[in-house]
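The values are calculated or read from the model by the stated rules, or taken from the named source; none is laboratory data. The shown structure was predicted, so the numbers you read here are calculated from the model rather than taken from an experiment. Accessible surface is based on the protein model in full, side chains and every heavy atom, while ligands, DNA and RNA are left aside. Shrake-Rupley method; radii C 1.70, N 1.55, O 1.52, S 1.80 Å.
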Amino acid sequence: MKLLVGLGNPGIKYQNNRHNIGHHFVDYLLSKLTGDELTGLNIKPVKSDVFMNLSGQFVQKILKKHQNFSLNDLYIAHDDLDIPLGKFKIDKGTGPKLHNGIKSIEETLKTKDFWRIRIGVDARISDSWIDGEKYVLSDFTQKEKILFNKIFIDILNKLTG
């Protein structure tokens, strides 16, 4: 069974931010699949309820609550500026270079040995470059949101295939 934690910041202000793609993925799973279907796919999705920089505390609390899950069962879904919008990678113990949520989890759990569902959010145009921190806290455009269903289906297929 996979414990899938979607990272993001709480509140309406951040709801559509690129930084909240992990929340969007969990919302997608919960809206498209029933509890029985998720159980059949061996996935337990959970959305973080803390700000990104405190993600480690949330993950530690969830692991304590669900003691039947090990680090090998832990999958963290998060935004990644190293990957273009519409792409993703599933890695264990690596990437991205800079992500405060992942850094918080690594520091709190004292390990890098967990799975990361690195969902690309970078759609910046080189002639109008925006700083990464500012960019991930900006909202997705409607056009960008259209890609969500396809990439979320692809991620789900990779996780369960």
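Quick one: among V121, V50, V26, which has the greatest mean-square fluctuation in a GNM of the chain with alpha-carbon springs under 10 angstrom? With Cα springs under 10 Å in the chain, the top fluctuation among V121, V50, V26 is at V50. Solvent exposure of the stretch 116-156, expressed per residue, is 59 Å² of accessible area, with all protein chains present and a 1.4 angstrom probe.
Using the Cα gyration tensor of the stretch 32-107, with a ≥ b ≥ c the square roots of its eigenvalues, what is the shape: rounded (a/c below 1.5), prolate (a/b larger than b/c) or oblate (neither)? It is oblate, given that a/c is not under 1.5 and a/b is not larger than b/c. Element breakdown for the chain at a 1.4 angstrom probe: carbon and sulfur atoms account for 51% of the accessible area. Among the listed pairs K65/K145; K13/K64; K44/K110; K13/K110; K64/K92, a Cα-Cα separation exceeding 27 Å is found for K65/K145; K13/K64; K13/K110. Spatial offset of the stretch 25-44 relative to the stretch 89-161 amounts to 20 Å, using the alpha carbon center of each.
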